[in-house]
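Down below is the structure, laid out as structure tokens.
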Amino acid sequence: MPHLDEPMPPSLGQYRNEHTRQWAAKIASFDGFVIVTPEYNHGIPGVLKNALDFLYAEWNNKAVGYVSYGVAGGVRSVEQLRLVAGELQMADVRQQVSLSLHTEFENYQVFKPGDYNLAAMNTTLDQVIGWSTALAPLRTAETVHVERPAT
């Protein structure tokens, strides 16, 4: 994706560029996500933030879980992603997988996760699936909007 290049805010859904329309169609086709992210300088990579910022409604009412990695396990990047997910009306799950560059990578390059990460990964996936299923009625076009009585 190029740097955000749409003339209108993503919340309006008026995508003019073909790459944006393709990205929107791809994201709209999923019910939930697991974002895998490194941590750079205590934050998320710019390209990931840009990819999230391109769209709005396509992210709404979907679950998201995180797998992060870095010197401190990438936990600070996930903290930032949780704020972004809230603004995008995504339901982020509590469980996450945090991978340290010191223990989960050989020479900081070759990914060699320990089996002890499986429980956290399985719980993350279970939570994303559960929340994605629970949010499904909010994603359907047929959702009935009930008028609230005046108080």
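Every number here is computed from the coordinates shown, using simple stated rules; none is lab data. The structure presented is a predicted model; accordingly, all values stated were derived computationally and were not measured. Reconstructed Cβ throughout: ideal geometry from the backbone, glycine too, with neighbour counts over all protein chains shown.
Counting each DSSP H run of 4 or more residues in the chain as -39500 (n - 2.57), what helix-only mean residue ellipticity at 222 nm follows after dividing by all residues, to the nearest 500 deg cm²/dmol?
Mean residue ellipticity at 222 nm (helix-derived): -11500 deg cm²/dmol.
Taking the Cβ of Y66 as the center, what net charge do the other residues with Cβ under 9 Å away carry, scoring Lys and Arg +1 and Asp and Glu -1?
With Lys, Arg at +1 and Asp, Glu at -1, the neighbours total 0.
Under the 0.36 nm per residue contour assumption, what length would be gained going from the current alpha-carbon distance of E6 and R139 to full extension?
45.4 nm is the gain from fully extending E6 to R139.
Give me S98, S29 ranked fewest to most by other Cβ atoms within 10 Å of their Cβ, as a rough exposure proxy.
S29, S98
Counting other beta carbons within 10 Å of each Cβ, put M90, M1, M8 in order, fewest first.
Result, fewest neighbours first: M8, M1, M90.
Need one word for the chain: rounded, prolate or oblate. Basis is the Cα gyration tensor (sqrt eigenvalues a ≥ b ≥ c); a/c below 1.5 gives rounded, then a/b vs b/c decides.
Because a/c hits 1.5 or more and a/b fails to exceed b/c, the chain counts as oblate.
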